[in-house]
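Asks: Take this structure first; my questions come after.
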Amino acid sequence: MLFNSSQQAEDKLIILYVLQKIKTALTREQIALIIIENLQIGYFDIQLYIDDLIKDDFLSTLEYDGKSVLSLTPMGKDTLTVFHDKIPTYITEMIDLYLKENRAKIFKEVKITANYQKLGETDYLVELKLQENNMVLMEIALNAPTLKLALDICNRWKENTQELYASVLNLLT
């Protein structure tokens, strides 16, 4: 692996450290979330470093549950073992604490879907769904008399899912 600077080398080692510490494969977005919330490294820099680490065989990509995830290769593990001391202690302590306190947040997966299909000449079936960690929290199916209304419902659901979910729960409980 060729580094343009000692800062780039440190940033790449931090990515390897995060994956080693969490002990599971992560998506690019999960890695970026962890690093951005703790350090002054830009999102696009993180993505470029990840690309370099994959190209240089320090990280591998796997398809898991329909998503591309990253994991350490044996060479990535060996590199981290040799150069671990190049990451400042305050950074490893900060990452360790963050991972301990935010593990659930890192793996929380919210999926919001809004679809419509034409039923007849003027009727549309609108299906709205909110899932968290593969568990359906709310699912609504309703008819809309026009395409414009079906599209508006889908857009409003996507823009205001949390508020709508909270309002429905509040009305029902």
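Laboratory data are not the source of any read-out in this text; all were calculated from the coordinates shown. As the structure is a prediction and not an experimental result, all values here were calculated from the model. Here the Cβ positions follow ideal geometry from the backbone for every residue, glycine too, while neighbour counts run over all protein chains shown.
Asks: Kindly provide the helix-only [θ] at 222 nm of the chain, computed as the sum of -39,500 (n - 2.57) over DSSP H runs of four or more divided by all residues, to the nearest 500 deg cm²/dmol?
Replies: Calculated mean residue ellipticity at 222 nm is -18000 deg cm²/dmol.
Asks: Right, next: So if we plug the beta-carbon distance of Arg103 and Leu164 into 1/(1 + (r/R0)^6) with R0 = 22 Å, what FRET efficiency do we get, rounded to 0.05?
Replies: Given R0 = 22 Å and the Cβ-Cβ separation, E is 0.20.
Asks: With a length cut of 15 Å (Cα positions projected on each helix's long axis) and a Kyte-Doolittle mean of at least -0.5, go through the chain and give me the DSSP H helices that pass.
Replies: Answer set is 6-22, 43-55, 89-107, 147-172.
Asks: Further question on the same structure: Compactness ratio of region 54-109: Cα Rg over 2.2 N^0.38 Å, N = residue count?
Replies: After normalising by residue count via 2.2 N^0.38 Å, the value is 1.37.
Asks: Still on this structure: For Kirkwood radius over Cα pairs in Å, the listed values are [x] 19.0; [y] 17.7; [z] 21.4; which was obtained by calculation from the structure presented?
Replies: It is the one labelled [x].
Asks: Let me check the size of region 90-150 from its C-alpha atoms; what are the radius of gyration and Dmax in Å?
Replies: In Å, with Rg to one decimal and Dmax whole: 19.7, 65.
Asks: Output the pairs from Lys12/Lys111; Lys12/Lys55; Lys67/Lys108; Lys55/Lys105; Lys77/Lys108; Lys21/Lys105 with a Cα-Cα distance over 19 Å in this structure; if there are none, say none.
Replies: Checking Cα-Cα distances, Lys12/Lys111; Lys55/Lys105; Lys77/Lys108 exceed 19 Å.
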